[in-house]
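The values are calculated or read from the model by the stated rules, or taken from the named source; none is laboratory data. As the structure is a computational prediction, the values presented were derived from the model and not from experiment. Here the Cβ is made from the backbone with ideal geometry for all residues, glycine too, and neighbour counts use every protein chain on show.
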Amino acid sequence: MNDDVYSGHHWRSLYEGVFDHEGDGLGDMLLRWLDEHPGHVAEVREAGRPESHLIPLARSPRRGYSSLVRLYAVNRILDLLILNYQDPPDDSAASPNEVYPPVGVYPAFCEALGAERIRRRGFHPFFHEVAEVRPVDDPDEPPSIVEERWPGYMMGSMLLMRAGVVVTAGARHLVAGVADRSSLYWTFWRRSRSTRDLSHGWGSNSQWRTDFRRDYLVDGRLHYNVDEALDPHNEERGRGDDEDLDPVSMIEIVRYRCSTVVDHGDDLFPYNDHHVEPAPVD
């Protein structure tokens with residue numbers, strides 16, 4: 001098997017191939033790539049096992065790449081594949097000639113990878129990314145899904161990609177223009193909102209050493225950003241420049257990956273924070 005699973009360059013090369021692809025055949029190219037790199041596929045599936053949420057993956061990378069770095073490259077590919085499901089930016093003239101992957105390629109890729117579609121009816125930020133908020137008169141009305149823009153996927157117990165949804169919600173829960181337009185953390189690219197992850201601001205090589213954020217559903221509990229919870233040095237690092245942000249607001253950022261009611265800005269550093277809570281009954 002000629003499949004160097006310890007190299008991060010293979011996933012990166014696939015990302016670049018998707019980015020540069022023109023014409024038909026992208027789906028076939030992706031499926032052929034997965035068939036030719038079974039070790040890479042197996043590593044992603046291994047990360048999805050329930051017990052993997054207790055195993056730190058950022059330690060002792062071989063050849064300069066850890067499993068989290070390779071998972072991050074997979075996530076970058078998924079970011080590309082869902083672009084065509086999203087609204088264009090408010091200033092559509094900024095990129096008038098962009099061509100994005102056909103919508104059917106994304107689910108076919110996820111399913112070939114071994115992921116299962118998220119089919120939860122009730123809104124929850126673990127499983128759902130807020131693509132649009134439609135306000136309602138009652139400020140206390142909780143979020144309710146009215147449309148799915150793109151499907152979400154779980155790799156076993158690990159979250160691979162949240163579903164993008166349109167929700168109705170009262171202003172005490174989610175505010176239009178905040179929950180659907182504030183900076184989305186742990187994310188490289190969305191068409192209609194700003195995004196932030198630890199790759200931004202680095203050069204073409206350094207950005208590809210960014211770690212993937214792992215979230216898990218295990219034994220009825222939701223585990224957010226597990227590698228920070230597993231890191232013995234996490235408490236020493238603290239919360240950096242975000243000490244003025246109260247703990248409730250920081251948990252909001254960790255759960256939603258963005259602001260929800262009040263926009264806390266795009267210069268936070270939530271990457272060291274983690275959280276555990278009971279899973280919803282759906």
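Within the stretch 177-227, count every residue that is touching a residue at least 24 places away in the same chain (Cβ under 8 Å), among the aromatic types (Phe, Trp, Tyr) and within 16 Å of residue 12 (Cα to Cα).
Number satisfying all stated conditions: 4.
Does residue 121 count as more than 26 Å from residue 19 (Cβ to Cβ) and at pLDDT below 95?
Numbers: more than 26 Å from residue 19 (Cβ to Cβ): yes; at pLDDT below 95: yes.
Yes.
Can you find even one residue in the stretch 89-98 that is among the small types (Gly, Ala, Ser), touching a residue at least 12 places away in the same chain (Cβ under 8 Å) and either in a loop (DSSP other than H, G, I, E, B) or within 30 Å of residue 219 (Cβ to Cβ) (or both)?
Step one: filter the stretch 89-98 for residues among the small types (Gly, Ala, Ser), giving 92-95.
The next check asks that each one be touching a residue at least 12 places away in the same chain (Cβ under 8 Å); those that pass are none.
No, the stretch 89-98 contains no residue that is among the small types (Gly, Ala, Ser), touching a residue at least 12 places away in the same chain (Cβ under 8 Å) and either in a loop (DSSP other than H, G, I, E, B) or within 30 Å of residue 219 (Cβ to Cβ) (or both).
Here are the criteria: (1) assigned to a helix (DSSP H, G or I); (2) in contact with a Pro (Cβ under 6 Å, 6 or more places away or on another chain); (3) not acidic (Asp, Glu). Tell me which single one residue 106 does not satisfy.
Residue 106 satisfies every listed condition except (2).
Among the residues of the stretch 122-135, are any without any contact (Cβ under 8 Å) to a residue 40 or more places away in the chain, surrounded by fewer than 19 Cβ atoms within 10 Å (Cβ to Cβ) and assigned to a strand (DSSP E or B)?
There is no residue in the stretch 122-135 that is without any contact (Cβ under 8 Å) to a residue 40 or more places away in the chain, surrounded by fewer than 19 Cβ atoms within 10 Å (Cβ to Cβ) and assigned to a strand (DSSP E or B).
Across the stretch 19-30, what is the total count of residues that are hydrophobic (A, V, I, L, M, F, W, C) and surrounded by fewer than 16 Cβ atoms within 10 Å (Cβ to Cβ)? Give the derivation first.
Going through the stretch 19-30, the residues hydrophobic (A, V, I, L, M, F, W, C) turn out to be 19, 26, 29-30.
From what's left, surrounded by fewer than 16 Cβ atoms within 10 Å (Cβ to Cβ): 19, 29.
Residues that pass the stated criteria total 2.
Does residue 161 satisfy the condition of being touching a helix residue (DSSP H, G or I) at 6+ places or on another chain (Cβ under 6 Å) and within 21 Å of residue 105 (Cα to Cα)?
Values: touching a helix residue (DSSP H, G or I) at 6+ places or on another chain (Cβ under 6 Å): yes; within 21 Å of residue 105 (Cα to Cα): yes.
Taking the combined requirement at face value, the residue satisfies it.
Can you go through 214, 172, 181, 191 and tell me which one is basic (Lys, Arg), outside any strand (DSSP E or B) and over 30 Å from residue 137 (Cα atoms)?
Among 214, 172, 181, 191, only 214 is basic (Lys, Arg), outside any strand (DSSP E or B) and over 30 Å from residue 137 (Cα atoms).
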